[in-house]
Structures are given as C-alpha cells and as structure tokens.
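Enquirer: If you scroll down you'll find the structure; I have some questions about it.
What follows draws every value from the coordinates through simple rules; no lab data is involved. Given the structure is predicted, the values throughout are model-derived calculations rather than measurements. Positions of Cβ are backbone-derived with ideal geometry, glycine not excepted, and every protein chain shown enters the neighbour counts.
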Amino acid sequence: IHYSAFGSTLVTPEVAKAYGLTRSRQRGLLNISVQRKMPDGSHKPVTADIKGFTGPLGGSEIPLKFKLITEGPAVYYLAEFLVDDGDKLNFDVKISPTPEYTPLKLSFSQAFFTD
C-alpha cells in the first residue's frame, strides 16, 4: 500500500478538471494505491474496497469518499477533505484487496499548511 496526503493546489488545473477535483487551499487529497507483489518480485496495481475517516485529534470523524482513478496500468484512489492552515488530521483507513481478504488498516496523522 502506497499513500500520500497533500494540498489539492499541488494538482494541476488540467488534472483537477479531468477527475472532477476541487483545487483550493482549504482542500486536501488522500491518494492510496494498492499493489500485489508478484512471484518475480515486481508489483501489479490492483483494485480494492477502501473505506476511511479523517478528522482533527479528539474531534469528530469525517467519512472519506474514495474515487477510483485508472491511468493506463496505474490504479489508485483519491479522497478529498477539508483542511485549514495548521490542522493536524488523523486518517484511519481500511483496505480490502478482495472481499475475502481481512482488511488492512492504515492509520497516520499529518499536519497541513496552506500556501
């Protein structure tokens, strides 16, 4: 599992338009890609069921709505969230590569600073 969270202004206007994303200093994006390790050691992108929440430390949980993005062989998921300058947000995500697979848990915290 590869992931990153960043301000939506890092996405070009063309990419934002193509994928229906909002570029704003008050918006962030969570990007998650799931890859399966193949017998030869290479990695293959796979689809997954992804559910998660974000929110400030000690605050209420805000559901994340993930959007599937495919570009050629690449497969990843994007979720938008609101953010203010200096916010430190918690992220809790469950990732199921297949329905019968026990969900993998991803939890991290990150501070955000607007431009």
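Enquirer: Count the net charge of all other residues whose Cβ sits under 12 Å from the Cβ of Phe108, scoring Lys and Arg as +1 and Asp and Glu as -1.
Expert: +1
Enquirer: Shifting gears a bit: Could you tell me the ratio Rg/Rh of segment 1-56? Both radii from Cα atoms, Rh via Kirkwood.
Expert: So for segment 1-56, dividing Rg by the Kirkwood Rh gives 1.07.
Enquirer: Counting each DSSP H run of 4 or more residues in the chain as -39500 (n - 2.57), what helix-only mean residue ellipticity at 222 nm follows after dividing by all residues, to the nearest 500 deg cm²/dmol?
Expert: My calculation for the chain gives -1500 deg cm²/dmol from helical runs alone.
Enquirer: Follow-up. Using only C-alpha positions, report the orientation-averaged shadow area of the convex hull of the chain, nm², one decimal.
Expert: 8.0 nm²
Enquirer: Once fully extended, how much extra length lies between Ala18 and Leu57, figured as 0.36 nm per residue of separation less the alpha-carbon to alpha-carbon distance?
Expert: Gain on extension, Ala18 to Leu57, equals 10.7 nm.
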